[in-house]
1. Identify, by number, the condition in (1) at pLDDT below 85; (2) more than 30 Å from the chain's Cα centre (by Cα) that TYR20 doesn't meet.
2. Filter the stretch 23-52 down to residues that are small (Gly, Ala, Ser), in a helix (DSSP H, G or I) and modelled with pLDDT under 90, then give me how many there are.
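The values are calculated or read from the model by the stated rules, or taken from the named source; none is laboratory data. Here the structure is a predicted model, which is why all the values come from computation and not from measurement.
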Amino acid sequence: MIKFLFGVLVGILLCFLFLYFGGSKTVRKVGENLVDTGKKMEVMEETIRKEKENLWMGDKKKPSKEEKETPKRAQ
C-alpha cells in the first residue's frame, strides 16, 4: 500500500514538473529535434551502404596484382 501511494505521489509530481517546464511545447520541440536527427542518420546510413557496395564492387572489378599472379610452389 505504501509503494502504491508513493507511486501516485511521484506520478503527480512528474505531471506538475511536466507542465511547469513547458508541457506540450517542450515535447513538440524534442520531437522535432528527434525527427531531424533521424533524417541525418538515414543519410549517413545510405552513404555508408553506398560506400560499402563501392568497396566490394571495386574489389571485384579490379583484382589486385597479387591475385592475378599465381604463387609458384617450390619443389
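1. If we test TYR20 against (1) at pLDDT below 85; (2) more than 30 Å from the chain's Cα centre (by Cα), just (1) comes out false.
2. Here is the first cut: in the stretch 23-52, the residues small (Gly, Ala, Ser) are 23-24, 31, 38.
So of that shortlist, the ones also in a helix (DSSP H, G or I) come out as 24, 31, 38.
Going one step further and asking which of them are modelled with pLDDT under 90, we end up with 24, 31.
Adding up the residues that qualify gives 2.
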